[in-house]
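Please read the structure below before turning to the comments.
The values are calculated or read from the model by the stated rules, or taken from the named source; none is laboratory data. Just so you know, these numbers come straight off a predicted model, no measurement behind them. Here the Cβ positions follow ideal geometry from the backbone for every residue, glycine too, while neighbour counts run over all protein chains shown.
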Amino acid sequence: MVIFLRPKSLSPQWGVQQPDLGLAYCVSYLKQQGIETRYHDEVEADRVPRVPDDPWVVISSSDYTMNNDGSPTIAEARSILAGVGRADGRRSVIVGPYSRQALKIIPGAIAIDRESDPERPLHRVVSGEDLDRIHGIWRSYEQFQPPGDLLENLDILPFPDWEAMSAAYPQSTTYEFNITTRGCPFNCSFCYHWRGKKVRYRSLPNVIEQLLLQQRRGATFIDFKDDTFTVSIRYTMELCAVMLESGFRLPWRCHTRPDMVNLELFKAMKAAGCQSVGLGVESFSQAVLDAIDKEMEIKSVAESFRVAREAGIKTFAYIVFGFPGENEESLRETLKNVLQINPDQVQFAFATPFPGTPYYQAMKRRGFEEADDLSDFNILRKAPVGSEQLTADEILQFGKFAKKKFIQQRIQIELSQAARLKHPLRRLKSVRRYLKVMRDPVSWVI
Ligand code: SF4
């Protein structure tokens, strides 16, 4: 028996708390290997489930282990482990992007390396194999056993155990996730490459089989969680064609880089049901992009939003304030461009040096010290560091100002659209959208 515990989300700003795709894969893989599992979600330290003495406990180090780069939950993981009698980390495994960091405060546990595919090392640990022989684990904060080969054939993985996850989220069971690849080959210095740099692709029949299964069981929307969904334009074009041929008809969204798209691709995606695309812009300053090794020409960004709109796909811009090279001028330049491009949604986040990234190493050299439990990290709410020219507080204040400006712009757009509508029902709907912006800006600008 292996017991999975997922700490209660700390990030209500992500919207509705959703099942964890990474844990769902781990649960289904262990089940496939004949291991009995039990899954507890939204666990709080003062309301822990009863855990017998002998099973292994697997706990996540973040809001999500694969859906998003959620906030660290390692302080909560420590409290929960104490609550189930594992304060010493005995027979406990930590997964997710902050697993190694968690060993600083839960020293007796074992961490699955975030750049490894977690399923096989996790299986070997909970099967009681000799730890010396298992690749891709941290035995302590300092003691790493290098990863073996990454999974080349992702098709060997069973589909994520959605039923186990979604029982805790009746409100979101029809909003499902999928992931067609693992890994991203780019070198952005702030990114912790939690699925490694080598891109692996699921076969198209394998992806389609899962999509049709999701459609049959009543999903109403698919959110593709690939790091860079269009990392191979050819693969994405083929996937879109097969989606159409197969009878898959659900709307979906995905996330990618602005320089990895074009009009033809967006048209194919639109025809296959794509409703919205998240584009990782980060900044509209070429100097800032260069400083974080984004390897992207700024001129590709506006064009990507333009062609998405031409294809009829809604856009979601990911912006980060405060990276190296950021100054007052670059902040204003970024905001000016965001307002001009006018994406349907935007996320303004704050530069956060995640341990193990080149950006973190650079900030360490400038004297940055993170809390052991990373409680100072929340990319949407806190600016833990400044840039060379701006303080953390100046960056935070600008972020708040930018959100306000964007919301004001959206409200103006909603109101002017409502005024133009002749049909009273449509006008009513438009005004309700406006009220939603007023009441819940988080749903528009997260
Ligand atoms: S493109 Fe995205 S996933 Fe890839 S390295 Fe950059 S930030 Fe990370």
Of all residues making up the range 81-127, the number that are more than 22 Å from Thr357 (Cα to Cα) and under 23 Å from the mean Cα position of the chain (by Cα): 5
Here are Gly70, Gly34, Gly89, Gly22: which of them is touching a Pro at 6+ places or on another chain (Cβ under 9 Å), without any contact (Cβ under 8 Å) to a residue 24 or more places away in the chain and outside any strand (DSSP E or B)? Gly89
Taking first residues from the range 175-200 that are of a type in the set (Asp, Glu) and second residues anywhere that are away from the ligand (no atom under 12 Å from the Cβ) and at pLDDT below 90, the pairs with Cβ under 8 Å that are 6 or more apart or on different chains are Glu176/Trp162
Boolean, Pro185 is assigned to a loop (DSSP other than H, G, I, E, B) and within 16 Å of the ligand (Cβ to nearest atom): yes
Flag if Gly96 is touching a strand residue (DSSP E or B) at 6+ places or on another chain (Cβ under 9 Å) and at positive phi: yes
Only one of Arg100, Arg114, Arg120 is more than 12 Å from Ile59 (Cβ to Cβ), in contact (Cβ under 8 Å) with a residue 12 or more places away in the chain and assigned to a loop (DSSP other than H, G, I, E, B); which? Arg114
Can you name every residue in the range 82-105 that is within 15 Å of Leu131 (Cβ to Cβ) and in contact with a helix residue (DSSP H, G or I) (Cβ under 8 Å, 6 or more places away or on another chain)? Gly89, Ser92, Val93, Ile94
